[in-house]
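The structure appears below as structure tokens.
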Amino acid sequence: RCFKPNEFQKAGVFDETLVLDQIVQCGTVELVKLMHDGYPNRCRFHEMLRFRDLLPESFQRYGTRTFIEALLLAYDVPVQDWALGMSRVFLRAGQLKALEDLRSAGAAPDPAKLRQIMRQIIRKKWVRAVHAIGLCRYLPEFLAAIRMKRAEQALATRALLVGRLRSLLEAARSRLWEKRQRALRRWRLAFYTLSLVRNLMVQARARRLQKAMRKFWLLRTRLQEWATNKAEEAVLEAERRAAEEERLEAELQKAEEKARLEEQRKVAEEEARQAEARRRAEEEARLEEERRVAEEEAR
């Protein structure tokens, strides 16, 4: 941050009160206190591998997290001054610098302390394994108990519902039986009504059929006379249409002959144009080949 040394912007003049007030107002004091009380150094696990020379090679076989924990314990870094996360190690102010100094000085840890740390690491691994086995044995029993409890609750709920719904079900069945009986009576009444209507319709159809037959014979007599006249007119019309069709067919043949001749003329012209185009293409190719040969000879 940049602070003003004085209110007059002059060189060589330092106003302690003004500078202190600026430091307090901009939060620098709280920031420094937070960094001092917290973990200002936050390094990823792979960044701490540069300190691998501070421990024997036998510690290289452990995981990165275990290696960092053993490194901090071997060089007596206070436990309250560091913490391990999932992918980073958090160090208080000065601890990272102390590790750098130890690496520069080529420090070596105490063998007795290393043996103690190895025993602690092995003990932790065994404790974790025991806890994992215990958890694996406890979870199935816990899940089975939860399933049993849920089944008991579901069975009790179903029994209560069945007891309450039994009376409602019986009442619904009785109402359904009454509805079926009413529907059956309506169906019977509809069947009888339909039979009566069908008989009346058959009788009415017979009467209409008799009237239609009488009208049919009368109409047939009149239509025969009309059909005879129309047949004669149709014969004459057919002869006239046949003559007209013959005339149109002759004209159509003439038009087709003319179109065929025109098509042949167009095809001949198109073939002449294609021949001319091929001749020009061959001439251009020949000229291009001669030009290329002349250029090669000139080279």
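The values are calculated or read from the model by the stated rules, or taken from the named source; none is laboratory data. Predicted model only: the values in this text are computed from it and were never measured. When we count neighbours, we look across all protein chains shown, and the Cβ atoms used for this are built from the backbone with ideal geometry, even at glycine. Side chains included, ligands, DNA and RNA excluded: accessible areas come from the protein's heavy atoms. Shrake-Rupley method; radii C 1.70, N 1.55, O 1.52, S 1.80 Å.
A few points about this structure:
- Of the labelled figures (i) 104, 66, 30; (ii) 35, 25, 17; (iii) 34, 27, 21, only one reflects semi-axes √(5λ) of the Cα gyration tensor in Å as derived from the coordinates, namely (i).
- Under 30 Å from LYS97, Cα to Cα: lysines that are on another chain or at least 8 residues apart: LYS33, LYS113, LYS124
- Relative compactness, region 66-164, computed as alpha-carbon Rg over 2.2 N^0.38 Å: 2.02
- Subtracting the Cα-Cα distance of VAL235 and GLN264 from 0.36 nm times their residue separation leaves 6.1 nm of extension gain.
- 1.4 Å probe accessible area per residue over the chain, in Å²: 85
- Principal axis analysis of the Cα atoms in region 35-75 yields extents of 35, 19, 15 Å, listed in decreasing size.
- Given their separation in residues at 0.36 nm each and the Cα-Cα distance between them, SER87 and LEU184 gain 27.0 nm when the chain is fully extended.
- Helix-only arithmetic for the chain: the sum of -39500 (n - 2.57) across DSSP H runs with n ≥ 4, divided by the residue total, places the mean residue ellipticity at 222 nm at -28500 deg cm²/dmol.
- Computed about the Cα centre, the dipole magnitude for the chain is approximately 4900 debye when only Lys and Arg (+1) and Asp and Glu (-1) carry charge, each at its Cβ.
- Cα-based reach from LYS258 at 30 Å (exclusive), listing lysines while leaving out same-chain residues under 8 positions away: LYS266
- Considering only alpha-carbon pairs that sit under 8 angstrom and 6 or more positions apart, the relative contact order computed for the chain is 11 percent.
- Considering only LEU96, ALA108, TRP126, and ranking their Cα positions along the charge dipole of region 90-132 that arises from unit charges at the beta-carbon of Lys, Arg, Asp and Glu, the one farthest toward the positive end is TRP126.
- Other residues whose C-beta falls under 15 angstrom from the C-beta of TYR192 contribute a net charge of +4, scoring Lys and Arg +1 and Asp and Glu -1.
- The Stokes-Einstein estimate for region 225-267, based on a Kirkwood radius over Cα pairs and taken at 25 °C with 0.890 mPa s viscosity, is a diffusion coefficient of 192 µm²/s.
- Within straight-line cross-link reach of LYS230, aspartates and glutamates at Cα separation under 16 Å, skipping those fewer than 8 residues along the same chain: GLU239
- For the pair PHE191 and ASP101 in one chain, pulling the backbone fully straight at 0.36 nm per residue adds 21.4 nm over the alpha carbon distance.
- Each part reduced to its alpha carbon centroid, region 41-56 and region 130-158 end up 44 Å apart.
- Shape call, region 198-299: gyration tensor on alpha carbons, a/c limit 1.5: oblate
- On region 200-291, 57 percent of the accessible area sits on carbon and sulfur atoms, based on a 1.4 Å probe.
- Tilt relative to the chain, helix 28-37 - C-alpha long axis, 0 to 90 degrees, to 10: 80
- At 0.890 mPa s and 25 °C, Stokes D of region 88-235 from Kirkwood alpha-carbon radius, µm² per second: 84
- Between MET148 and GLU16, the distance separating the two model label sites (each 7 Å from Cα on the Cα→Cβ line) works out to 7.8 nm.
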